[in-house]
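Asker: This is the structure, below, for whatever I ask next.
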Amino acid sequence: MDGRFDTLFQKISLLGTKGQTFDLLFSVGNTLTFTFDIKPYISQEKKFPLPTYFLDSSELSFSLNELYPDGKEICENFKFLGKSGIKEIEGLKIAFLNGVKNEVYSQFYQEDAKGKFEFSGCYYTKSDIDNLISLYEDKKKTNNNSYYIDFFLSIHAWLYCYYL
């Protein structure tokens, strides 16, 4: 993605002229970058033409994870999902895990003596995975084991399908 929303929206508009419509958009990966100018969207000079939800693995993701772990609407129709969780969007149950795996510092996946983690930056932690599993199990219990997830979004989704 690399923040090339103008190009994406042109393609979506072109598909619309051919009769294909979209209700929403999910962006996973390098959604925001330092080259993406979000100011025109915040000032409403430009608009996201449809609800757009995103996870981010770019240079800016560490700020989003720490500032808005539960998600945040950045501007109209542009929403950061959060660090990890389950949300119902347009009738779909979306589970998500934001960030990338840290291959160098394995301590991000281990709790300290107090059960807390240090700043994790753009990486997800074991706590984030445990939070997601716990949310899912709670929802299953309250729905007589008939709860299901429609989509699981992650930068590395194939690694974590085992947990859900």
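Throughout, read-outs are computed from the coordinates displayed, never taken from laboratory work. Quick caveat: nothing in here was measured; it's all calculated off a predicted structure. Ideal geometry is used to build each Cβ from the backbone, glycine not excepted, and the neighbour counts take in all protein chains shown.
Asker: What's the extension gain from K126 to N143 if we count 0.36 nm per residue and subtract their Cα-Cα distance?
Answerer: Stretched fully, the K126-N143 segment lengthens by 3.5 nm.
Asker: Taking amide hydrogens as modeled 1.01 Å from N in the peptide plane, which residues meet the under 5 Å criterion relative to I74, leaving out close sequence neighbours?
Answerer: K79, F80
Asker: Using label points projected 7 Å from each Cα along Cα→Cβ, tell me how many nm separate S43 and F62, to one decimal.
Answerer: Between S43 and F62, the label points sit 2.9 nm apart.
Asker: Long-range amide H contacts for D56: which residues qualify at under 5 Å (H placed 1.01 Å from N, peptide plane, sequence gap of 5 or more or a different chain)?
Answerer: G29, G99
Asker: Given labels modelled 7 Å from the Cα in the Cβ direction, how far is it in nm from D6 to F22?
Answerer: A separation of 1.7 nm, rounded to one decimal place.
Asker: Counting only residues 5 or more places away or on other chains, whose amide H sits under 5 Å from the amide H of Y123 once H atoms are built in the peptide plane?
Answerer: So Y123 has HN proximity to V100.
Asker: Follow-up. Testing the spin-label approximation: label points 7 Å from Cα along Cα→Cβ at D150 and S13. State their distance in nm.
Answerer: With each label placed 7 Å out from Cα toward Cβ, I get 2.7 nm.
Asker: I would also like to ask the following. Would you mind putting 142-155, 42-55 in packing order, based on average other-beta-carbon counts within 10 Å, highest first?
Answerer: The most tightly packed comes first, giving 42-55, 142-155.
Asker: Return the sequence-ordered ³J(HN,Hα) values of region 128-135 in whole Hz as given by the Karplus equation 6.51 cos²θ - 1.76 cosθ + 1.60 applied to θ = phi - 60°, using x for Gly and Pro.
Answerer: Computed from phi, the couplings for region 128-135 are 5, 5, 4, 4, 5, 4, 4, 4 Hz.
Asker: In terms of Cα to Cα distance under 21 Å, which lysines are near enough to K11, apart from those fewer than 8 places away along the same chain?
Answerer: Output for K11: K46, K47, K79.
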